[in-house]
Amino acid sequence: MKILVMNAGSSSQKSCLYEVVDDRISEPLWEASIDWTRRQGFAEFEVKTATGAVLEEEIPMQSRTQAIAHLLETLWQGKTKVIDLPAEVAVVGHRVVHGGQDYRESVRVTAEVKAAIADLFVLAPVHNPANLEGIEAIESIFGKDIPQIAVFDTAFHSHIPDAAAIYPGLYAWVEKGIRRYGFHGISHQYCAQRAAQILDRDLKDLRLITCHLGNGCSLAAIRNGQSIDTTMGFTPLEGLMMGSRSGSIDPSILIHLMRQEGYTADRLDKELNKESGLLGISGVSADLRSVLAAMDTGNPRAKLALDIYIHRLRSCLGSMLVSLGGLDALVFTAGVGENSAIVRELACQSLEFLGLKLDLEKNKNRPVNLDIATPDSTIRILVIHTQEDLAIAQECWHHCSSKAD
Ligand code: AMP
């Protein structure tokens, strides 16, 4: 059985084709992406297959639907062809960023689910429209009958207790759906499951903090296999300092800027989401690698940016820790979490008082899916390569196999 996964970002579209063989999901047979950011007016396509075929091309900007159609044709045409006919794809899984309060697990896409994704455009104005366009593009290419599964990035956090999920503003806000939803749920859940496998423990017996540190950053406190607290909130802007997002700030700053400097909502949105964080403080880049390189040349703002990043990370770790009331394993994942030894080392230093001990050699040796704590550490420290697309494919397989039972 072949499973196609669609993962739409604000200005990118990634897609993978997996095959289930003997109840196991293979490495992707085909991986493709479209990037609309690199050259104005153009879409950049990259396709590669498990057998080593590669296609790279840049074509004039098209609508998302046209671009997706072009991307998917490379599945059955040309040098990256891996199937003979579109009908070989049995099911399509989509990462859908916002599932609101109603979608607590993945669901088969129906007209009602599509309407719900559209109703949530106001809460995820960039991603949910792209996700719905992806679903509709699949319908137009593969026909309306192909099973499509929506896997929500908010679902894993939907059991967070009200005390952690509700903002202490007006109760009327709660009635309007203004509450903490949390994001990166697919990644946090995948890492929790993988952590239990690596530790050879039952997930239900583990207290975990998963640190998804990428361009966007969030932590999740996981107990009994469920997220009980997380750092992102109503939107992905809350919580940690990120590449270009500020994370949590005093809301009065916004009131001050509106009153004193006539800021509009659009300007606040742009500055907080696109011009803050590592980029805003360092003035160098949203990419931690460039910030670290600038720091090495003595750039004081780059140093300040890293110091704030670490301070915020440590204080949010403290918050997750007390929500859990203990910790069995600390998990690092995503671009920074998987690759930056210095961020892991500085984060771990703040937990040494608990008996957590990082093996500095293992930490520096590019660990992947490994425990990097010393044998006598009271808390395990894991680096896990997050695989959201695989997790989506697993959800699709779960839906198809449970239907067949
Ligand atoms: P992601 O959103 O998970 O794709 O992560 C992307 C981010 O990971 C980039 O913006 C970089 O800041 C960060 N990153 C990737 N590799 C490294 C590295 N070797 N050291 C520090 N940061 C890295």
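The values are calculated or read from the model by the stated rules, or taken from the named source; none is laboratory data. Note that this is a predicted model, so its numbers are computed, not measured. Note: ideal-geometry Cβ built from the backbone for every residue, glycine included; neighbour counts use all protein chains shown. What goes into the accessible areas is simple: the full protein's heavy atoms, side chains included, and nothing from ligands, DNA or RNA. Shrake-Rupley method; radii C 1.70, N 1.55, O 1.52, S 1.80 Å.
Some notes on this structure:
- Taking 12 Å as the cut-off, the amide N atoms of segment 56-89 that come nearer than this to a point 7 Å along the Cα-to-beta-carbon line of R38 belong to 56-59.
- Axial C-alpha extent at least 18 Å, average Kyte-Doolittle at least -1.0 - helices from the chain (DSSP): 64-76, 127-142, 185-199, 300-324, 388-404
- Total charge dipole magnitude, segment 156-265, about the Cα centre, Cβ charges on Lys, Arg, Asp, Glu only, Debye to nearest 20: 100 debye
- In this Cβ point-charge picture (+1 for Lys and Arg, -1 for Asp and Glu), segment 45-161 has a dipole of about 160 debye about its Cα centre.
- Here's the list of lysines a cross-link from K362 could span, going by alpha-carbon distance under 27 Å and ignoring same-chain residues fewer than 8 apart: K303.
- The heavy atoms of M61 offer some 100 square angstrom of accessible surface to a 1.4 angstrom probe.
- Amide H to amide H, with H built 1.01 Å from N, A373 comes under 5 Å of D359, I381, counting only residues 5 or more places away or on other chains.
- Look at the dipole of the chain built from charges on Cβ: of H256, T154, S187, the Cα furthest out on the positive end belongs to H256.
- Per-residue HN-Hα couplings for segment 159-169 [Karplus 6.51, -1.76, 1.60; θ = phi - 60°; Hz; x = Gly/Pro]: 9, 4, x, 3, 4, 8, 8, 9, 6, x, x
- Dividing the helix sum by the residues of the chain, where each DSSP H run of 4 or more adds -39500 (n - 2.57), gives a mean residue ellipticity at 222 nm of -11500 deg cm²/dmol.
- When only the Cβ of Lys, Arg, Asp and Glu is charged (+1, +1, -1, -1), the dipole of the chain relative to its Cα centre reaches about 800 debye.
- Packing rank of 36-42, 390-396, 304-310, 201-207, where each peptide gets the mean count of other beta carbons within 10 Å, highest leading: 390-396, 304-310, 201-207, 36-42
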